[in-house]
Amino acid sequence: MNENLFTSFTTPTMMGLPIVVLIIMFPSILFPSPSRLINNRLVSLQQWLVQLTSKQMLAIHSHKGQTWALMLMSLILFIGSTNLLGLLPHSFTPTTQLSMNLGMAIPLWAGTVVTGFRYKTKASLAHFLPQGTPIPLIPMLVIIETISLFIQPVALAVRLTANITAGHLFMHLIGGAALALTNISASIALITFIILILLTILEFTVALIQAYVFTLLVSLYLHDNT
C-alpha cells in the first residue's frame with residue numbers, strides 16, 4: 001500500500017516527463033473498429049451497446065441536436081473506459097483531476113450555449129428572465145440566472161471528480177485496514193476484505209454511472225439549446 005493517501009492521484013511521469021497524454025489516448029485502443037463483413041461477438045456487443053445508448057440519449061433531440069451523436073458517444077466511451085482502467089492496481093485515473101474534467105465540461109457547455117444563442121436566440125435570452133417576474137426583481141433574477149448558467153460546467157466537473165476521487169480514497173482506506181488487520185485478527189481481516197470486494201464491484205458500477213450522468217447532463221444542456 002502507498003504511504004501517502006493521495007499518491008495515486010499524482011500525475012505519473014517517465015524520465016521526468018508527464019505521460020498523462022499517453023494515458024488519455026490509451027482507452028481508444030480498446031475499442032476496435034469493424035473491418036470485416038461479419039463482425040465478431042466483441043465488436044457486435046460494442047455496436048449494440050453504443051446503438052442502445054445513443055437511441056436512449058438522442059430520442060428527445062431535434063435534428064440539430066442529433067448531429068452531436070458522435071461527440072456524445074465518444075464522450076461516454078472515453079469517460080467510462082478511463083474510469084474502469086483507473087480501478088486497476090497501480091494505475092492512474094485522469095478523471096480524478098479537476099483540471100481535466102473542467103477541460104471537458106467547459107468546451108462542451110460553451111458549445112451548447114453558443115448553439116442556443118445561434119439557433120434559439122429569443123428562447124435563450126428568455127431563460128435569464130422568467131415570465132411574470134415583478135419589475136423590482138428583474139436585475140436580481142438576471143444576475144441569479146447568469147450565475148446559475150456559468151455554474152453548470154463547474155458542477156459537471158466537480159460531480160465527476162468528487163465521485164471518482166471519493167471511491168478511490170474509500171477503497172484505499174478499506175484496503176489498508178484489511179492489510180493492517182491481518183496481523184491482529186484474521187476473521188475481522190476477512191470480513192474487511194469481503195467489504196473491499198463489494199466496494200470494488202460498487203466502484204465498477206459508479207464508474208459507468210458517472211460516465212452516463214456526465215454525458216446525459218451535456219445532452220440535456222444541448223436539448224435546452226436546440
Next item on the list: Show which lysines lie in cross-link reach of K55 when reach means a straight Cα distance below 21 angstrom and same-chain residues fewer than eight apart are skipped.
Entry: K64
Check: Carbon and sulfur atoms: what percent of the 1.4 Å accessible area of the range 7-225 do they account for?
Finding: 74
Check: So what is the accessible area of the range 45-85 per residue, in Å², with the probe set to 1.4 Å?
Finding: 57
Next item on the list: Kindly express, to the nearest 10 degrees and within the range 0 to 90, the angle between helix 69-85's C-alpha long axis and the longest C-alpha principal axis of the chain.
Entry: 20
Check: Taking the Cα atoms only, what angle lies between the long axis of helix 98-119 and the longest principal axis of the chain, rounded to 10 degrees?
Finding: 20
Item checked: With Cα atoms, 0 to 90° folded angle of helix 186-224 axis to the chain main axis -> 20
Notebook entry, point to check: At A69 and V154, where each label point lies 7 Å from the Cα along Cα→Cβ, what is the point-to-point distance in nanometres?
Noted result: 3.6
Checklist line | Nearest-20 debye value, the chain charge dipole, Cβ charges on Lys, Arg, Asp, Glu | finding: 700
Check: Once the Cβ-Cβ distance between I29 and V50 is put in as r, and R0 is 22 Å, what FRET efficiency do you end up with, to the nearest 0.05?
Finding: 0.85
Notebook entry, point to check: Once every DSSP H run of n ≥ 4 in the chain is given -39500 (n - 2.57) and the sum is divided by its residues, what mean residue ellipticity at 222 nm do you get, rounded to the nearest 500 deg cm²/dmol?
Noted result: -23500 deg cm²/dmol
Next item on the list: Pop the C-beta distance of T200 and L22 into the FRET formula with R0 = 30 Å and round what comes out to the nearest 0.05.
Entry: 0.75
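The values are calculated or read from the model by the stated rules, or taken from the named source; none is laboratory data. Not measured: the values here are computed from a predicted model. Cβ coordinates were reconstructed from backbone atoms using ideal geometry, including for glycine residues, and neighbour counts include every protein chain displayed. For the accessible areas, the whole protein counts, side chains as well, though only heavy atoms, and no ligand, DNA or RNA atoms are used. Shrake-Rupley method; radii C 1.70, N 1.55, O 1.52, S 1.80 Å.
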